[in-house]
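> I am attaching a structure below and will ask some questions about it afterwards.
The values are calculated or read from the model by the stated rules, or taken from the named source; none is laboratory data. Being a predicted model, the structure only gives us computed values, none of them experimental. Backbone-built Cβ (ideal geometry, glycine too); neighbour counts: all protein chains shown. Note: accessible area is taken over every heavy atom of the protein model, side chains too, but ligands, DNA and RNA are not part of it. Shrake-Rupley method; radii C 1.70, N 1.55, O 1.52, S 1.80 Å.
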Amino acid sequence: RDSIINSIPSFANLGFLDWIYSIPIYISSTAINVIFTTEMEDCFVKFEKNSKVFSLYEKTLSNRIDDILNVIADNSNDLPKFSKLSNILTQLIGLRDNMKRVGEKTTEIAQKFTWKNVLKYKFLPNSNQLTILFDGASFDHGYEFWGTLPRLIHTPSLDSTLNSFMSSFANGHIPLLEGSDASGRLSIIRNHACQLGRFLFVARPFPDISE
């Protein structure tokens, strides 16, 4: 928790890439989720006076993505740096797509409704507890340190699955993922456990009792 809290102020003081290099990947990824939530809420505050605020923020995210792409192109043989940057790149693309879904709505009511169904990370006032908000529900971040991030490529269809998963979870139901072998179900569960800061225990549904 302290590492996440301490990393956020330095985001504004260091260059974006220097900031990423200076902290572990899991800390930077979680902090980016907090920063994204803060920046999006700032867009809502400014929207009444500046209708282009979301398109301007999209350019900010695109610039961060371009910065990473340029470095990756020059450091493809540096595997640790390449792995770290590619994970952040995937995350930023997913966040940009979420922002575009909100910003493309023509009314503030529609924007806020869409934003309601996006994962938001906030340190609530007078509290150092990192809280995750989704569809009117809130969850305490578990602070389980994953070290590395589960690899998951965000696509429109995957984002729809992730939202359905979280919607079920937020409404007190047990999410059920169906699919064939090697369809990515376990990757989705790992991704959610990582985002919620929770420990994940994986057990075979039909263990070999002879072992």
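> Using only alpha carbon pairs under 8 Å that are at least six residues apart, calculate the relative contact order of the chain and give it in whole percent.
Computed over the chain, the figure is 18 percent.
> Also, quick follow-up: Accessible area, 1.4 Å probe, largest first: how do THR107, THR114, THR148 sort?
Largest accessible area first, the residues go THR148, THR107, THR114.
> Could you identify which residue out of ASN191, ASN13, ASN117 has the top mean-square fluctuation in a GNM of the chain using Cα springs shorter than 10 Å?
Of ASN191, ASN13, ASN117, the most mobile in the Gaussian network model is ASN13.
> How much solvent-accessible surface does TRP146 expose, in Å² to the nearest 10, with a 1.4 Å probe and all protein chains in place?
70 Å²
> Using 7 Å Cα-to-Cβ label points, what is the PHE145/TYR21 separation (nm, one decimal)?
Reported label-point gap for PHE145 and TYR21 is 2.3 nm.
> Of the listed values (1) 7, 28, 29, 21, 13, 2; (2) 8, 28, 29, 24, 10, 1; (3) 7, 31, 37, 19, 4, 1, 0, identify the label whose number matches P(r) over Cα pairs in 10 Å bins from 0, in percent calculated from this model.
(3)
> Rounded, prolate or oblate: which fits segment 95-155 when a ≥ b ≥ c are the square roots of the eigenvalues of the alpha-carbon gyration tensor, with rounded for a/c under 1.5 and prolate only if a/b beats b/c?
oblate
> Which percent of the accessible area of the chain is formed by carbon and sulfur heavy atoms (probe 1.4 angstrom)?
Answer for the chain is 54 percent, counting heavy atoms of protein chains only.
> With loop defined by DSSP as not H, G, I, E or B, and exposure as at most 13 other Cβ atoms within 10 Å, which is the longest segment of the chain clear of exposed trypsin sites (Lys or Arg not before Pro)?
Maximal segment without exposed cleavage sites: 53-150.
> For the chain, with a Gaussian network of springs between Cα atoms less than 10 Å apart, report the residue from ILE72, ILE132, ILE27 with the top mean-square fluctuation.
It is ILE72.
> Can you compute the modelled spin-label distance between ASP66 and THR114, with each label point 7 Å from Cα toward Cβ, in nm?
Reported label-point gap for ASP66 and THR114 is 2.3 nm.
> How large is the accessible surface per residue of the chain, computed with a 1.4 Å probe and reported in Å² as a whole number?
Per residue, the chain has 58 Å² of solvent-accessible surface.
> Structure shown: which of LYS46/LYS81; LYS52/LYS122; LYS52/LYS120; LYS81/LYS105 lie over 29 Å apart, alpha-carbon to alpha-carbon?
LYS46/LYS81; LYS81/LYS105
> Taking the Cβ of VAL45 as the center, what net charge do the other residues with Cβ under 14 Å away carry, scoring Lys and Arg +1 and Asp and Glu -1?
Result for the neighbourhood of VAL45: -2.
> Which of TYR143, TYR21, TYR121 moves most in a GNM of the chain, Cα contacts under 10 Å?
Greatest mean-square fluctuation among the candidates belongs to TYR21.
> Also: Sort segment 11-118 into rounded, prolate or oblate with this rule: let a ≥ b ≥ c be the square roots of the eigenvalues of the Cα gyration tensor; rounded if a/c is under 1.5, and if a/c is not under 1.5, prolate when a/b is larger than b/c, oblate otherwise.
In terms of gyration-tensor shape, prolate.
> Using the Karplus equation 6.51 cos²θ - 1.76 cosθ + 1.60 (θ = phi - 60°), what ³J(HN,Hα) coupling, rounded to whole Hz, does each residue of segment 84-98 give in order, writing x for Gly and Pro?
5, 5, 5, 5, 5, 4, 4, 5, 5, 4, x, 5, 4, 5, 4
> At 222 nm, what value in deg cm²/dmol follows for the chain if DSSP H runs of at least 4 each add -39500 (n - 2.57) and the sum is divided by all its residues, to the nearest 500?
My calculation for the chain gives -19500 deg cm²/dmol from helical runs alone.
> If you average the alpha carbon positions of segment 96-148 and of segment 26-81, how far apart do those two centres end up, in angstrom?
Spelled out, the Cα-based centre of one part sits 15 Å from the other.
> In Å and from the alpha-carbon atoms only, list the Rg and Dmax of segment 1-42.
Over segment 1-42's Cα set, Rg and Dmax evaluate to 9.6, 27 Å.
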